[in-house]
Amino acid sequence: MTEVESIAVSGTSRPEGALIDRYGRVARDLRVSVTDRCNLRCTYCMPAEGLPWMAKPEMLDDDEMVRLIGIFVELGVRQVRFTGGEPLLRRSLVDVVRRVGELTPRPQMALTTNAVGLDRLAGRLADAGMNRVNVSLDTQDAETFKKLTLRDRFADVEKGLAAAAAAGLTPVKVNSVVMPGVNEDGIADLLQWCLDRDYELRFIEQMPLDAQHAWERSEMITADDIHARLGERFTLTPMPDSARGSAPAERFLVNGGPQTVGIIASVTRPFCGACDRVRLTADGQVRNCLFSRREEDLRALLRGGASDEDIAAAITGEMARKRAGHGIDDLSFVQPDRPMSAIGG
Ligand code: SAM
Ligand code: SF4
């Protein structure tokens, strides 16, 4: 038994920070995919026809999901982010959130969503204990939105964002993936749109996680390109790295502040050295990295009658295998088979 496994099976004496890997990184942030389904078809994520969705019996039910999250919390997780697919499509999401909010210690809870339908759910989610939301929005131009997501839903997203702010799910953050020839010319307009509404915008480099495997390194818009384009319209002052912690965004004050913009250089300046994340898929697989080529089957353990201690040992064992970095720039890099929507972004 390895040292980390022995920590895991030591029961109530398990120290804080048991989810430690070989490089000393401690996982505190659990991303839970609650469904692989989605109502949009962002071209960098999903093909127009959708994907072969998981069958319901393959997916964790609410009791299974809450039990696994509870074990992660015992192992030192302090933030749970619900994602997908589109998490709002899971009918029981509000219930799951309420139950996770009853765990001890109570983790912070966040949601990553495309915001379609959030106008109806924001208040109930906040009442159930949700703390914050990140809304994915790549353009504020309704026509470009339609081209990019293959759905005419921009007005719903706008309503969802406003409802999140009204429900106190703040700061409302907006995440935007920048794509060549699609929304790259509109990023300064999107920043102005977010500043006007007090949404905190972060731009993200596109990563090789599309179901179509069409990503090309040579074509991607880099963090430096994004910075240069924004710099044509705004004065960006870097905030000290100490403000960053394990958060991946490089942040800048816009026009002297106090509002900020973030740029996440996931590909060109990876932040793997400070990674504090671990992921649970909707079908109960634990993944130590977005780009991991393997996963550990917690659902099989759970349905086979395993104890919490056995499951904790499987989780810590998987974390011990976490690699130093995602290696997108290595010649040997192979894109994972699971697309982003089935891992949980
Ligand atoms: N449907 C929800 C949403 O869009 O926010 C949650 C799931 S989505 C997979 C999570 C995040 O992954 C979104 O912010 C999306 O923009 C991002 N994403 C998806 N594919 C990506 C890619 N190839 N590169 C970078 N980010 C990606
Ligand atoms: Fe759906 Fe999110 Fe993927 Fe867009 S990025 S297709 S909203 S899962």
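The values are calculated or read from the model by the stated rules, or taken from the named source; none is laboratory data. Since the structure is predicted, the reported quantities are computational estimates derived from the model, not experimental observations. Positions of Cβ are backbone-derived with ideal geometry, glycine not excepted, and every protein chain shown enters the neighbour counts.
Among the residues of segment 78-118, write down those that are buried (at least 18 other Cβ atoms within 10 Å of the Cβ), within 19 Å of residue 171 (Cα to Cα), of a type outside the set (A, V, I, L, M) and away from ligand 2 (no atom under 16 Å from the Cβ). Once the filter is applied, which keeps residues that are buried (at least 18 other Cβ atoms within 10 Å of the Cβ), within 19 Å of residue 171 (Cα to Cα), of a type outside the set (A, V, I, L, M) and away from ligand 2 (no atom under 16 Å from the Cβ), segment 78-118 yields only 107. Consider segment 288-337 and keep the residues that are closer than 21 Å to residue 61 by Cβ and charged (D, E, K, R). The one that is modelled with the lowest pLDDT is 295.
Screening residue 130 with (1) within 16 Å of ligand 1 (Cβ to nearest atom); (2) of a type outside the set (Lys, Arg); (3) surrounded by fewer than 18 Cβ atoms within 10 Å (Cβ to Cβ) gives one miss only, at (3). Checking each residue of segment 107-122 against the condition of being over 20 Å from the mean Cα position of the chain (by Cα) and of a type in the set (Val, Ile, Thr) gives no match.
If a residue has to be within 14 Å of residue 197 (Cβ to Cβ), in contact with a Lys or Arg (Cβ under 8 Å, 6 or more places away or on another chain) and not hydrophobic (A, V, I, L, M, F, W, C) to count, how many in segment 159-175 make the cut? Qualifying residue count, segment 159-175: 3.
Can you find a residue in segment 182-190 that is surrounded by fewer than 18 Cβ atoms within 10 Å (Cβ to Cβ) and closer than 25 Å to residue 128 by Cβ? Looking for residues that are surrounded by fewer than 18 Cβ atoms within 10 Å (Cβ to Cβ) and closer than 25 Å to residue 128 by Cβ, one finds none in segment 182-190, hence no.
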